[in-house]
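Enquirer: If you scroll down you'll find the structure; I have some questions about it.
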Amino acid sequence: MKTINLRDYYPFYTHDTLLEFSDEVAQAMAEAERLERNYNTLIIKLLFPLRKPIKFDTLRRTLQLPDSKLILH
């Protein structure tokens, strides 16, 4: 048996909820998490295939904002 915190898997949980699952279920949940993370990474790479960073002027022109409106943190 393995104890799993549901807050790690479900973002709408605001407090720790610990449940015990069989090893097979825990392994399936971990694999599903890995597959979702890999899928999201693939989608980001397909949608944003930039190989070099965007220059500040290009970003400003793309957003059509004057210099004073763009705040970088």
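Quick note: the coordinates plus some simple rules give every number you see, no bench work behind them. What you see is a predicted model, and the numbers here were worked out from it, not measured in a lab. Don't worry about glycine lacking a Cβ; one is built from the backbone with ideal geometry, like all the others, and counts go over all protein chains shown.
Enquirer: Near D8, within a Cβ-to-Cβ distance under 14 Å, what is the net charge of the other residues, with Lys and Arg +1 and Asp and Glu -1?
Expert: That sum, taken over residues with Cβ under 14 Å, equals +1.
Enquirer: Taking the beta-carbon count within 10 Å as an exposure proxy, list D16, D8 from fewest neighbours to most.
Expert: Ascending Cβ contact count within 10 Å gives the list D16, D8.
Enquirer: Among K45, K2, what is the fewest-to-most ranking by other Cβ atoms within 10 Å?
Expert: In increasing order of surrounding Cβ atoms, one gets K45, K2.
Enquirer: Please give the contour-minus-distance gain from Y13 to A32: 0.36 nm per residue of separation, less the Cα-Cα distance, rounded to one decimal in nm.
Expert: My answer for the length gained is 5.0 nm.
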